[in-house]
Amino acid sequence: MEAKIEKGHFIESIIKEDIKNNKNNGKVVTRFPPEPNGYLHIGHAKSICLNFNMANKFNGRCNLRFDDSNPAKEKQIFIDSIKSTINWLGFEFGTPLFASDYFDRLYDFAVELIKKGKAYVCSLNAGDIKKYRGTLTEPGKDSPYRERPVKENIKLFTRMKNGEFDEGEHTLRAKIDMKSPNINLRDPIIYRVKKASHPRTGDKWNIYPMYDFTHCLSDSLEGITHSLCSLEFEDHRPLYDWTLDALETPCHPQQIEFARMNINYTVLSKRKLQKLVEENHVNGWDDPRLPTLEGMRRRGYTPESIRNFCNVIGVSKKGSRIDMGLLESCLRDDLNVKAPRVMGVLKPLEVIIENYPENLTEELTARNHPQKEEMGTRKITFSKQIYVEQDDFMENPPKKFFRLGPGREVRLRYAYLVTCKQVIKDESGNIIRLICTYDPETRGGNAPDGRKVKGTIHWVNANDCIDAKVNLYDRLFKDENPEQGNRDFIENLNPGSLKELELCKLEKSLINARPGKAYQFERLGYFCLDSKNKDSGDTPNRDPVFNRTVTLRDAWAKMKKR
RNA sequence: UGGGGCGUCGUCAAGUGGUAAGACACAGGGUUUUGAUCCCUGCAUUCAGAGGUUCGAGUCCUCUCGCCCCAGCCA
């Protein structure tokens, strides 16, 4: 279920007010502007949802625009990944746009700025530019090139474009105010020489525009009405506005800033995610433990659950650290409704039903969903030899343990009531098998005499199941704040974030599982076939690997902790 | 100690001068062939703090404190 956005957050209020006042002729046009230098993560999802939701809600449009003005960092693979991830999330963006498509026009704008005496070519080197800039508390000094005549500026800028200079020799700077308390206004660089091949424009350009120049003008060129970005660009807004005011532009979009999200027990910065991947602390960008959208997708997160999460957390300007539990709650909410139920045993314990006929196999009916009749039923088989979960047996159970123990009776879901008669161990004392008896009168799980059994456990027919590998994921970090106490976040990695189980026993129907399809393994959690599974294209699946998306809420585990 | 932001329940978050929504979490209870789901109930006399204005302040004013961002030819 999608959360209702009744009252709306502060950005929605601004938009509603603008519509009321017929600003922009009542139109709403937003944009999601990723730089194609990495993969999208859950933090981006917040921005994607915000921008697309606002546009959709007010009958507007949201452009996907790649902010590709730094060819040194950008790659086609990121462009492809970003596009497919946004589609997967469920948003339509039409033809993707690129800031690089505006390079010619941006160049003309730069020339216009020079002609108006509002930009100049500066020939200071990087170190000197830094020195002249001043510091947070000291004003900067004017560059010696600041008063270069327009004609000379044009000539030099043209030569920069033509590739006559090396990187770092000259820059084009906006002429604003070197004494401004806002450092972004101290004659910011708007063009630099960069001899890099661009993924889209190739070697056409020797100079590339900087973000501050590119972004506001791209917004204006696209007729964006509301340019939503994160808080750290608040200081850039005066420059955004200055640029658009200085030039003859189609329109002047309004930049509005909101806080980016943080989630506990994980990290969301591109730099940190990159370190995790490059140093092999995880297995690639789509490792299911990562908060990358590709990782979450592989783990089994649904687009709906992510979108709902983004709605639930709201939008504000307050720095926040959201509880991972909220994300998981949104996930379970969605999966609970969608996922058919099946049975699978992760850590098998063999059970022999001693009074059950030797060569009999019975067919039993199991519901695919306890509440949703329309999801139907399926047949499962039962025989003398089955597997149950090791965790569902205790030799010396406490009073509140409702599962199997010596002499105890439990219900095997959809099958029979069984009682544990004997525990078989190997020489070293490990429990290897349970001998039980069943009550033939309780087929389906109900006792005719009305006696109550408190526990119901899952099981699998040993002669009619498939072997599988199962990956169990847990939080990536031990601490809720991975960088607590200025520690290197790497030291805080949870060594148990991935547990790989082999020889798990799953009910036969799972042989037809497809990646992306969620199942609930009853009493254990939600699982899906790993998309990297080598046989995931085949039916039937010969060597399946399942990922645990999330566990079920577990009151028993909570009780044990206390 | 330059500039820009932000401080409402454990975590998010409504609230726009009229007497603190909601969600997650947590705690109790009910239903249940998943210790799941579902359903009830409880959970801020108080809004970073201190003054002030007002019949009335989380909302207005003043001061104080705390946290975040900015000195890339990154975005």
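Each value in this text was obtained by applying a stated rule to the coordinates, not by laboratory testing. Given the structure is predicted, the values throughout are model-derived calculations rather than measurements. All Cβ positions, glycine included, derive from the backbone under ideal geometry; neighbour counts span all protein chains shown.
For the residue pairs A:LYS379/A:LYS399; A:LYS75/A:LYS318; A:LYS46/A:LYS270; A:LYS469/A:LYS561, the alpha carbons lie more than 24 Å apart in A:LYS379/A:LYS399; A:LYS75/A:LYS318; A:LYS469/A:LYS561. In this model, which of A:LYS384/A:LYS532; A:LYS272/A:LYS317; A:LYS155/A:LYS179; A:LYS532/A:LYS558 are farther than 30 Å apart at the alpha-carbon? Pairs exceeding the cut-off: A:LYS384/A:LYS532; A:LYS532/A:LYS558. For the peptides A:150-156, A:359-365, A:300-306, the ranking by mean Cβ contacts within 10 Å, running from highest to lowest, is A:300-306, A:150-156, A:359-365.
Counting only alpha carbon atoms, the long axis of helix A:303-313 and the longest principal axis of chain A meet at about 70°. Could you name the lysines whose alpha carbon sits less than 20 Å from that of A:LYS151, not counting residues in the same chain fewer than 8 places away? Filter leaves A:LYS115, A:LYS116, A:LYS118, A:LYS161, A:LYS175.
Relative to the longest principal axis of the Cα atoms of chain A, the long axis of helix A:10-20 makes an angle of roughly 60 degrees. What does the C-alpha gyration tensor say about the overall shape of segment A:102-211? Classify as rounded when a/c is under 1.5, otherwise prolate if a/b is larger than b/c, or oblate. Taking the square roots of the gyration eigenvalues as a ≥ b ≥ c, segment A:102-211 is prolate. Once the Cα atoms are used to define both axes, helix A:237-246 deviates from the longest principal axis of chain A by about 40 degrees. Relative contact order of chain A, taken over Cα pairs closer than 8 Å and 6 or more residues apart, is 11 percent. Calculated on C-alpha atoms, the gyration radius of chain A divided by its Kirkwood radius gives an Rg/Rh of 1.11.
As an equivalent ellipsoid, segment A:283-412 spans semi-axes of 39, 20, 15 angstrom, where each value is the square root of five times an eigenvalue of the C-alpha gyration tensor, largest first. Take every pair of alpha-carbon atoms less than 8 Å apart whose residues are at least six positions apart; their mean separation over the length of segment A:341-561 yields a relative contact order of 20 percent.
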